[in-house]
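Heads up, the thing below is written out as structure tokens.
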Amino acid sequence: MTSVLGLAGSDCERVSGGVLAQPVNTMSSAAFLVAGLWVLLLAVDASGRRVELAVFGIAVASNAAGGLLFHGLQSSGAGWVHDECILSVLLFIVVFDVARFLARSTAWTMATYAVSLAGVGVVLAWAPFTTDALSGLLGVAAGAWEVGEYRHELPVIRAEGLTARRAARLGVLVALALGATAFLVGRTGAWLCSPESVFQWHAVWHVLAAAAMGLYAYGAIEPHPGGTTTS
């Protein structure tokens, strides 16, 4: 069992003796709640794929709870919840991309996602050390797919211009690149890590990751018919 001091120990911020062990990293996790609620609002007004948007919004918002438990309360099982919430987002993107490529129904997408998420949860409970490997595998798969799809759309972009939704999809890559940089330079022992500071690079990662999730929902899950409308 992970000790209290061991939870989030690699995320730089000093673990205090207060109600919230890492207050800055905890409060910045609220960005996921904001992004998740925004995605749920998109689902209400969507012309299609409302179920997918709603489920994705819940997955995004769940990371706020994961952050509270992991960075803040550091309760028993917090590591599992935190990791499962992160992987729920990455897994959704991979399953959704595959479903779209295979032209599968919403029912197939949701069933595949539910089974896969349950399987990942079992793996994390049995072998929590696999978190980084699973995150890397799903992250690379999702990122490579997005880059490939954007490259595929380049001829259309040149002909029709960069719409708001296409710009949002590009923004996902930009936000994740900046967020990953913040994540790495702010790790414990990294050159910009300052445990006592009220500014934490891991908190920046939270905000940028949440922004990327919101942009993905807007640009990829529910693209406007034809993909040419800027609204």
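Readers should treat all values here as calculations from the given coordinates under stated rules, not as data from a laboratory. Because the structure is a prediction, the values reported are computed rather than measured. Using ideal geometry, Cβ is built from the backbone for each residue, glycine included, and neighbour counts are taken over all protein chains shown.
The table below lists the values:
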item: Rg and Dmax [Cα atoms of the chain; Å; Rg one decimal, Dmax integer]; result: 18.0, 58
item: Of Pro195, Pro155, Pro128, the one that fluctuates the most in a GNM where the chain has Cα springs shorter than 10 Å; result: Pro155
item: Residues Trp126, Trp38 arranged by fewest to most Cβ contacts within 10 Å; result: Trp126, Trp38
item: Region 147-187: C-alpha gyration tensor shape, a/c 1.5 cut-off, then a/b vs b/c; result: prolate
item: Axial C-alpha extent at least 15 Å, average Kyte-Doolittle at least 0.5 - helices from the chain (DSSP); result: 30-45, 50-67, 78-101, 106-126, 164-185, 201-216
item: Rounded Å value of the spacing that divides the Cα centres of region 31-90 and region 181-216; result: 18
item: Cβ-based net charge around Gly143, under 13 Å, with every Lys or Arg adding one and every Asp or Glu removing one; result: -1
